[in-house]
Every structure is written in C-alpha cells, then in structure tokens.
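The values are calculated or read from the model by the stated rules, or taken from the named source; none is laboratory data. The model shown is predicted, which means the values in this text are computed figures rather than measured ones. So basically every Cβ, Gly included, is an ideal-geometry build from the backbone, and we count neighbours across all protein chains shown.
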Amino acid sequence: MGSLVGAGVCLYLTAASALTLRYVTPAARRSNRLDSRLSAALADAITCNAVVKSFAAEQREEARLSELAGDWKSTLRVTWTRHLVAGITQNVLSVSLQAGILLLGVWLWSVGRATPGDVAYVLTTFTVIQGYLRETANHLRNLQRAVNDLEDVSRFSTQPLGVDDHPGARILKAERGGIVFDRVTFRYPGKETPIYSDVSITIAPGERVGLVGASGSGKSTFVKLIQRFYDVAEGHIRIDGQDIATVSQRSLRSAITVVPQDPILFHRSLADNIAYARPEASHAEIVAAARKAHADEFIGTLPEGYGTLVGERGVKLSGGERQRIALARAVLARSPVLIFDEATSSLDSISEHLLQEAMEDATVGRTTLIIAHRLSTVQTVDRILVFDRGRIVEQGTHAELLRRPGGHYRRLFETQVFGLTGGADAPALPA
Ligand code: ADP
C-alpha cells in the first residue's frame, strides 16, 4: 500500500507539472500577448483621439478595437478552459488514487494480509497527503500564472540600455556651456551609412547659434547627440572640456534645457508646470520667469492665474501660450545650454514676434542653439550653421551668408522669401 501511495504521489505531481507547463502555459502566453496588443491599440487610439475625431473615424477605430478584443476574448477563454481542465484532471487523478488505495486495502484485508487498522491507517495518511498535493498543484498553477504575467516585464528589464552611464561616470561641471564636436562620426542604430562623418565644430560659451538646413539634413540629430540620446561611433563631444560620454546622463541633461517644437504640459497648475525645471523655485521666481518669457500677460487674464489647470498635455492653451510656458521653464532652469527645437515654427507672426523677444531675453549669457525652419528666427544670432545631408556646409552670420552668391543659405532664404511668388521665376537677391 505504501508503494502505491508513493507511486501515486509521483504520478500526481508529474501530471500536475506537465499540465501546467505544457497545457496551460502556452495558452496563457498567447492571451497575455493579445492583452498587450489590445492595451497598445487602446492607448494609440486614445492619444490620437484628435485625429480620430477630425477624420470621423470613430467607427473604424471601434471596429479595430472590437476585432482585437474579440481575439483576446477567445484566447482568454481557451486559457480559462485549460485552467479548468487541468484542475478537474488533477481532482479525478486524486480521487482515482484514493479509490485504488481503498480497493487494494480491501483486497489485502479479504486475503488476510492486512488488518482493518492497516487499511484505516493508510487511508487516513493518504487523505492528509492528498491535502498537501492539492495545495502544491494550486501553488504551481498560481506560480505559473504570475510568471506568465511577469514575463513581459522581466524581458523588458533585461533589455540592454541603448545609452548607459559608464562605471564611475563623473558629474558634469558645466558653467559656461562651451560645446565642441571633435571629429564626430555617427550613424543611427541599424543604419549602415553614417549621418555625420568626421564633423568638427566649436561653439563658444554664451554663443547663439542657429542650425538651418532642409528637412532631414541632420539638425535634430546634432542636438540629440549633445544630449547624448545616442553614443557617437567615433570622435568626442565635449561640454566645457568634459567628454559627455564619461559623465552621468543626469548631470549632462540637467545642464541642457530644451524648448521643443510642441511643448507638452502636465495637467497641473501653470505654476507647477513652470517650476518643473526647478521644483524648489519660489513663487516670485516663477512669476519673474513667466514675465521674462512674456507669459505673464496671458496668465494674468486667466481667472485662476498661476493656479489654472491646463488640461491633459496642456490642451486648454494655444500653441503660442504653451511655447511661452515652456520658455518660462527654460528661463527658470538656469542651465548653461539652451536649445530651441523649431520653437516658433507652428506660430503665427505675432506670437512668433513675442516669442522671439522672449527668447532674446532668456538667452543672454547662455550658449544657445536654435533649430530654425523659418529663417527669420535666426537673423540675429551670432553664427548660423547650415546643414546639408549631415555636413555643415556653410557657417557665418545672416548677412555674411547672404553675401555668398549661389550659397546654400542664400538659396534657402530666397526660397522662403520669394518662393511663394512663383518658384523658378521668383526674383533673386542682388549679388
Ligand atoms: P532634421 O532635424 O534636419 O530634419 P534629423 O536630424 O531629424 O533631420 O534627421 C537626419 C536623418 O536621420 C534623416 O534622414 C532621418 O531619416 C534620420 N533619422 C532621424 N532619426 C532617426 C532614428 N531615430 N533612427 C534612424 N534614422 C533617423
């Protein structure tokens, strides 16, 4: 009877593990995968809700979601059914074992090889063991479910970081904000041809530099490299003489403030949004920064002033107002390097003019890079770098560059100023 109990326990545990790992797990993995796809589709549709509405595509999105939800539902049903079948099979096995032991006991008693006490003892022992077996199988199933649910997260956490701090990375001591590109070669991951080959350029502390060039010429990549969103393949980028690859990313990025093309605000008060750059700033400092960014005027007209909540992503403000809040943030940040990423490209002329004035104020004494689409933004900067297919093909002030007949900048300028009046027939600037 002991041998039968031992064999039964082994059989039960083997069956429970096999059912869990080979039968339930594959189905659980499938339904988890579809669960992630459904969440991703939902997030995509919700964050793009303005586009969905403007194309009256609600039904299309709904159909897409319900198709995914349908797939998810059917795989989830399979997973639940398999859970159920695994549980029932384990119970049937357990009861069959109990019946087998009882039959063996009765037979041994009938042939005089066991006493009623022996049979009662073995049955009672098996009942206790059975309880433990059931618990073990349940734990196994729960463990499997937890492991399946965590699989995505653990896979994500083991992904190597694209850009990592070097061991012993130092804190960047950036006070003046001088930037040097020293023979930099860079290609995006997975791309064969480099965007930059052997690019060298020095930007002096406090200099205001405009980056211009056709779309795709490498302007944004230039500022992404300064922020070390990617590591360069060859060469070095230095800020105030320190190689940015050897300093901590945290210290590097806190030395740089970016005013993006389309700033996103938190659904918090305007004061909190401005103070995001420096949470410990006093209210007076926040107001001073807003004043410098010409944001104070419109904030004054809001019923709750600096306490106004701006809606998710700042939707309750116009593009120009959001830009001015982002600029106030940049003023407050006091970082030595400021980057404007086409900050005025989506604004009308009046907002652009206001922002331009604010930019002039905010950039005094700070190294400033301005990625500009509209060349009007960079007419007053110290130096303009003209990008063409990853190369800096020209540099100089607006006036100097305009004096170069057939130059890249001059061509860009002519296209912008006269382009609307008739392309090839447009009048050219005097040589
Ligand atoms: P610009 O700012 O002048 O419009 P970018 O610096 O954004 O130009 O892009 C330069 C080139 O690099 C483009 O050809 C673009 O397709 C490519 N590029 C930009 N970002 C990536 C990326 N994350 N992965 C691969 N290629 C990219």
* Asked: How do the pairs read when you match residues in the stretch 205-229 that are modelled with pLDDT under 90 with residues anywhere that are part of a helix (DSSP H, G or I) and near the ligand (Cβ under 6 Å from one of its atoms), using Cβ under 6 Å and keeping only pairs 6 or more apart or on different chains?
  -> GLY213/LYS219
* To do: Could you tell me whether THR368 is modelled with pLDDT of 75 or more, in contact with a helix residue (DSSP H, G or I) (Cβ under 9 Å, 6 or more places away or on another chain), of a type outside the set (A, V, I, L, M, F, W, C) and in a strand (DSSP E or B)?
  => yes
* To do: Would you please list the contacts, defined by Cβ atoms under 8 Å and residues six or more apart or on different chains, that run from a residue in the stretch 389-407 that is hydroxyl-bearing (Ser, Thr, Tyr) to a residue that is part of a loop (DSSP other than H, G, I, E, B)?
  => THR397/VAL381; THR397/ASP382
* Quick check: is even one residue across the stretch 240-250 within 13 Å of the ligand (Cβ to nearest atom), within 27 Å of ILE171 (Cα to Cα), modelled with pLDDT of 85 or more and among the small types (Gly, Ala, Ser)? -> no
* Can you work out which of the residues in the stretch 177-208 that are near the ligand (Cβ under 10 Å from one of its atoms) and of a type in the set (D, E, K, R) is nearest to LEU338 (Cα to Cα)? => ARG187
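Considering only residues that are closer than 16 Å to ARG322 by Cβ and outside any helix (DSSP H, G or I), which ones fall in the stretch 278-295?
Across the stretch 278-295, the qualifying residues are ALA293, HIS294, ALA295.
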* Do you know which residues across the stretch 371-421 are within 15 Å of the ligand (Cβ to nearest atom) and outside any strand (DSSP E or B)? -> ALA372, HIS373, ARG374, LEU375, THR377, VAL378, ARG389, GLY390, HIS408, TYR409, LEU412
* Any idea which residue in the stretch 81-112 is farthest from the chain's Cα centre (by Cα), counting only those that are surrounded by 14 or more Cβ atoms within 10 Å (Cβ to Cβ) and either outside any helix (DSSP H, G or I) or among the hydrophobic types (A, V, I, L, M, F, W, C) (or both)? -> TRP109
* Conditions (1) over 29 Å from ARG374 (Cα atoms); (2) within 16 Å of the ligand (Cβ to nearest atom); (3) buried (at least 17 other Cβ atoms within 10 Å of the Cβ): number failed by ALA233 -> (3)
* Take SER66 and decide whether it is part of a helix (DSSP H, G or I), touching a residue at least 60 places away in the same chain (Cβ under 8 Å) and within 30 Å of LEU150 (Cβ to Cβ). => no
* Structure fact -> For the stretch 255-277 the number of residues that are part of a loop (DSSP other than H, G, I, E, B), at pLDDT below 85 and surrounded by 16 or more Cβ atoms within 10 Å (Cβ to Cβ) is 2
* Asked: Which of (1) surrounded by 13 or more Cβ atoms within 10 Å (Cβ to Cβ); (2) more than 30 Å from GLN395 (Cα to Cα); (3) within 16 Å of the ligand (Cβ to nearest atom); (4) not aliphatic (A, V, I, L, M) does ASP152 not meet, given it meets every other one?
  -> (3)
* To do: Check the stretch 209-216 and report whether any residue there is over 22 Å from TYR276 (Cα atoms), more than 12 Å from the ligand (Cβ to nearest atom) and either assigned by TED's automatic domain parsing to the domain that holds ARG324 or buried (at least 21 other Cβ atoms within 10 Å of the Cβ) (or both).
  => yes
* Inspect all residues belonging to the stretch 123-143 and state whether any of them is loosely packed, with under 13 Cβ neighbours inside 10 Å, in contact (Cβ under 8 Å) with a residue 24 or more places away in the chain and within 15 Å of the ligand (Cβ to nearest atom). => no
* To do: Would you check if there is a residue in the stretch 144-158 being over 17 Å from LEU4 (Cα atoms), without any contact (Cβ under 8 Å) to a residue 24 or more places away in the chain and assigned to a loop (DSSP other than H, G, I, E, B)?
  => yes
